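Worksheet: one structure, shown below.
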Amino acid sequence: MENYICVTCGTQFSEAVPASCPICQDERQYLPPGGQQWTTLARLRQQHRNSFRRKEPNLYGIGTVPDFGIGQRALLMRTPAGNVLWDCISLLDEATIDIIQGLGGLSAIAISHPHYYTTNVEWSRAFGNVPVYLHAADRQWVMRPDPVVQLWEGETLRLLDDLTLIRCGGHFDGGTVLHWPAGAEGRGALLTGDIIQVVPAQPFVSFMYSYPNLLPLSAAKVQHIVAAVEPFAYDRIYGAWWGRTTIQTGAKEGVRKSAERYIRLLAE
């Protein structure tokens, strides 16, 4: 049985032919004018490939060419305790597996929110059934349940070495970011997906309930996001995309100032 993948968001389902994609029918996402469309990994492998870019020592970006689904790229982090894949992309092929095995394989997968769940079970199985960490608050959006999926609860979770998953909420109830103390030459980095969205004006970020539909978050939810990451030391942020979605320095102050501006504008 082939597991079908939603063309719009890239999520893989356990059903052979799903009736629809609940993730795309949700008000944070959308279905295109042509309606629901499906594909499979076999078809993806015929038309797409993955590219790798070194972002800094021990951190690599992995993205699909040409873009597929939402178009995000994943991040592969190497640590003394093992490698972690942060966020996920739909395409997994033999070349990708070979390259990652050459970098030390995977010990865990962690994903920021349901828009990036994609084919996480396929990735886990390709690397020895490594655990996939998703926050339990988003359990309803797991479209391919599997024993490799670990639904964690609470506000933080230590992951391998000294990495920490931080529940921020906001975009989704279980919206998560990853703190990497060794990142940014030891100044600390946050891997945020689009739970904290890097914007072109550096070192600023933004926060949204829906990005494609331009639905804002409340002041209380923005304050909660900032409070969740405040205890952690970080100077750099890696967002979800190629291009200008990295804040190289000054990220923590940028998050504070961005939240103040956002909340001020909501009140006007």
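The numbers here are math on the coordinates, done by the rules we state, and not lab data. Every value quoted in this text rests on a predicted model; they were computed, and no experiment measured them. As a convention, Cβ positions derive from the backbone with ideal geometry for all residues, glycine included, and neighbour counts pool all protein chains shown.
Things worth noting here:
- Taking a straight Cα-Cα cut-off under 20 Å and skipping sequence neighbours fewer than 8 places away in the same chain, the lysines within cross-link reach of residue 221 are 252, 257.
- Residues 235, 173, 162 arranged by fewest to most Cβ contacts within 10 Å: 162, 173, 235
- In the chain, helical runs assigned H by DSSP with n ≥ 4 each contribute -39500 (n - 2.57); averaged across all residues and rounded to the nearest 500, the mean residue ellipticity at 222 nm is -6000 deg cm²/dmol.
- Working from Cα pairs under 8 Å separated by at least six residues, relative contact order for the chain is 14 percent.
- Fraction of beta bridges assigned by DSSP in region 5-267 that are antiparallel (%, nearest 5): 75 percent
- Scanning the chain for trypsin sites (Lys or Arg not before Pro) that sit in a DSSP loop and have at most 16 other Cβ atoms within 10 Å, the longest stretch containing none of them is 1-186.
- Those GluC sites (Glu not before Pro) in region 1-97 that DSSP places in a loop and that have at most 10 other beta carbons within 10 Å: 27
- In a reduced charge model with +1 at each Lys and Arg Cβ and -1 at each Asp and Glu Cβ, region 71-177 shows a dipole moment near 60 debye about its Cα centre.
- Between region 53-100 and region 139-174, the alpha-carbon centres lie 19 Å apart.
- Point-charge dipole on Cβ atoms (K/R +1, D/E -1) for the chain, about Cα centre, debye to 20: 540 debye
- For the chain, Cys with no neighbouring Cys Cβ under 4.7 Å: 9, 88, 168
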